[in-house]
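Down below is the structure, laid out as structure tokens.
Coordinate-derived values only; no laboratory data. Computed from a predicted structure; not experimentally measured. Cβ sites come from the backbone with ideal geometry, for glycine too, and all protein chains shown count toward neighbours.
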Amino acid sequence: MDIVLLILGAILILLGLIGCIIPVLPGPPLSYIGLLLLHFTKFSNFSNTTLIILAIAVIIITILDYIIPIWGTKKAGGSKWGIRGSGIGLIIGLFFSPIGIFIGPFLGALLGEIIYRQYILKSDAKGKFSKSLKAAFGSFLGLLFGIALKIAISCFIAFLFIKELIINLF
């Protein structure tokens with residue numbers, strides 16, 4: 001049974017790392033579950049404190065992953081239209097992976113902001129595109145920052161997984 005848990009844990013660690021970039025997969029939670037599976041084998045010796053601290057970190061980063069792009073769009077002067085456009089762009093971008101995952105939210109936020117400023121606000125053309133571009137860039141930076149946080153925690157969990165496995169095997 002230990003070998004099965006070890007293999008499942010390793011698969012979840014890999015899926016967690018992939019999930020840091022592909023938004024459909026919850027990267028850090030999958031990595032954490034992989035670490036938990038290793039914990040229930042004879043190949044590990046994690047303390048409860050370590051597991052609790054990692055669980056809290058994973059929860060916080062998972063929540064921040066949804067908040068940071070929205071915050072980036074708002075901070076850059078974006079509207080709900082830009083935020084929604086970013087989400088739609090992300091979904092469409094999934095079909096054009098891997099580059100679509102990065103370009104999709106940017107273009108979605110840009111189009112959402114242009115539509116908002118043109119048809120909802122009915123603002124004049126002066127500065128409309130630059131404000132829309134700024135909001136889209138904020139969304140893109142938020143997305144990149146969220147990805148960086150997810151990669152950091154998932155890589156740390158993968159490091160702990162490998163380290164613990166090597167220590168207990170040899």
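Quick one: which of 163-170, 86-93, 30-37, 18-25 comes out on top by average Cβ neighbours within 10 Å, and what's the full order, highest first?
Most protected by this proxy first, the peptides run 30-37, 86-93, 18-25, 163-170.
If contacts are Cα pairs under 8 angstrom and at least 6 residues apart, what is the relative contact order of region 1-150 in percent? RCO, region 1-150: 23 percent. Among ILE70, ILE13, the ranking by other beta carbons within 10 Å of each residue's beta carbon, starting with the fewest, stands as ILE70, ILE13.
The order of the peptides 51-59, 146-154, 38-46 by mean Cβ neighbours within 10 Å, most packed first, is 146-154, 38-46, 51-59. Net length available on complete extension from SER130 to LEU169 is 8.3 nm, with 0.36 nm assigned per residue and the Cα-Cα distance removed. Compared with the direct C-alpha span, the chain from ILE60 to ILE120 gains 18.1 nm at full extension, assuming 0.36 nm per residue. The orientation-averaged projected area of the convex hull spanned by the Cα atoms of the chain comes to 10.4 nm².
Over 20 Å apart at the Cα level, from the set LYS74/LYS128; LYS42/LYS150; LYS75/LYS122, are LYS42/LYS150; LYS75/LYS122.
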